[in-house]
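Just below is one structure, and these are the notes that go with it.
Every read-out reported here was derived from the displayed coordinates using simple, explicitly stated rules and does not represent laboratory data. Given the structure is predicted, the values throughout are model-derived calculations rather than measurements. We place every Cβ from the backbone using ideal geometry, glycine too, and count neighbours over all the protein chains shown.
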Amino acid sequence: MEQVKDLNPKPLSVKQYLVVSSMLFGLFFGAGNLIFPIHLGQLAGAHWGMATLGFLVTAVLLPMLSVLAVAVTRSKGVYDIGRPLGPAFALVFMVMIHATIGPLFGTPRTATIPFSVGVQPLLPANMAHVGLLVFSVLFFGTAFLVSYKESNVMTSVGKVLNPVFLLMLFAVFVMGFAHPMGTVSKMAATTAYQHASFFNGFLQGYNTMDALAGLAFGVTVVTAVNQLGKTTPKSNAKVTARAGVLATSMIGLIYVGLILLGATTLGKYKVSADGGVAFNQLVTYYLGTLGHALLATLLTVTCLTTAIGLVAAFAQDFHKHFSRVSYRQWLAFMCAASFLTANFGLDTIIAWSTPMLMFLYPFAMVLILLSVFSPLFHRDGVVYAFVVAFASVPAFFDMIGAFPAVVSQSAFGKALTGFQQSVLPFANLGMDWVVPAVVGLVLGLGVHFLRPVFAARRSVVSEQVHNR
């Protein structure tokens, strides 16, 4: 039964808001949030401005809206966001989101990125596999121990690990901007960013996985805010929304700085294969061998905060819907599965995660936006159904086209890609889901608002027939 009053009727202090915001920041900001903006800066060069705007839409605005979606709908996790489409869809959507940001791709990446970028360069080449094995055992073992008690999550992430990370990152910014490697306005942009920098930056934002993570972290955030005594849905939602805006705004400022730093590295280095290499070059240029140690520490700390949030959110959501297995058992499964996937290596994880992101992000984006504006149409499932149904086909095409060559370059893959490019608007920009989703929205809203009119007319006609 819903509580009438909060356990803590007093307004939260500034310090308490900062702790919740710090926790949210730490949950969102992982290794991908460091390396992808830097790589974007290298790719965009002098065109960094429009690329940054596109990146901020999917890497900052959408995660902010995902937190607001949880607050507006008073949801407690991914399942509740998909609930207007029925329990079956909600459960499948929850499992797919958690599998993608969890043991299949997102959580293993939190271990492989700090190892590949920060630790592996310090090891002999023949020790790479053993090193990753040992590092991932220690990494996920720590994540398991910190998350073992649900009440530890806010304390460990919000009060301890995140401030350490921010101090390290601030040191990198001071060095980078005090003595830049080059002038950003003079840096060359890669071909893709010379003409479509906004849309390419938009798609790069998918890699952070933060819009998906924002939905999954909902249950963790709600639990943390409850611990502060804000136990009624209304007050809990209010605190969550305020803390979410503060945290994602801070992340946006850091992204702008990282993108600029990435662009300046072109003054000394060529465009790297990925952002991890670029970040490695950045700190090594300023700190030499000491830079490797700083990089390893920085990446490990920030990735650990994200891993803690991901494993806790996974265990909380799955225990809620599959309650025969306890929170701690789901937690152990999540950590063990992430450990196994991590040992396939970073390149393999990134190659196979991109297709799933291309498929899930359109669903996540439309569900987030529908949730935020759901009070306007009373969260009518009909509106949701039209939008999601129309967006699903282009999302499937995008997934097939993003698979490694064994799938995307097969006869089936080429046939689908050819059809997609010739029929769907904006397919060449990776935005082919937008027009179908808008069409679905118009139809869904039309049904929602006209349905009462037709019902009233039927009622009048039935009454007239009855009177005769």
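Just a few scattered comments:
- A prolate overall shape is assigned to region 248-349, the ratio a/c of its alpha-carbon gyration tensor axes (a ≥ b ≥ c) being 1.5 or greater and a/b exceeding b/c.
- Region 310-436: proportion of alpha-carbon pairs further apart than 26 angstrom, %: 44
- Between the Cα long axis of helix 381-402 and the first principal axis of the chain there is an angle of about 30°, rounded to the nearest 10.
- When the C-alpha to C-alpha distance is required to be over 18 Å, the pairs from Lys10/Lys238; Lys76/Lys320; Lys10/Lys320 that qualify are Lys10/Lys320.
- Most to least packed among 280-293, 202-215, 49-62, 120-133 [average Cβ atoms within 10 Å]: 202-215, 49-62, 280-293, 120-133
- Here region 14-343 is treated as a sphere whose radius is the Kirkwood value from Cα pairs; by Stokes-Einstein at 4 °C and 1.567 mPa s it diffuses with a coefficient of 65 µm²/s.
- Pair Ser422, His321: separation of 7 Å Cα→Cβ label points (nm): 3.9
- The relative contact order of region 14-343, computed from alpha carbon pairs under 8 Å that lie at least 6 residues apart in sequence, is 44 percent.
- Nearest-20 debye value, region 14-343 charge dipole, Cβ charges on Lys, Arg, Asp, Glu: 660
- Shown in residue order for region 181-186 are the 3J(HN,Hα) couplings computed by the Karplus curve 6.51 cos²θ - 1.76 cosθ + 1.60 at θ = phi - 60°: 6, x, 8, 4, 5, 9 Hz (x for Gly and Pro).
- For Ile81, net neighbour charge (Lys/Arg +1, Asp/Glu -1) across residues whose Cβ lies under 13 Å away: +2
- Difference of contour (0.36 nm per residue) and Cα-Cα distance, Ser249 to Leu53: 69.2 nm
- With a Förster radius of 45 Å applied to the C-beta separation of Leu290 and Val438, the computed FRET efficiency comes to 0.30.
- Computed from phi, the 3J(HN,Hα) profile of region 285-294 under the Karplus parametrisation 6.51, -1.76, 1.60 (θ = phi - 60°) reads 4, 8, 10, x, 4, 4, x, 4, 5, 4 Hz, with x in place of Gly and Pro.
- Here the Karplus relation 6.51 cos²θ - 1.76 cosθ + 1.60, evaluated at θ = phi - 60°, turns the backbone of region 310-315 into coupling constants of 5, 5, 5, 5, 4, 5 Hz, with x for every Gly and Pro.
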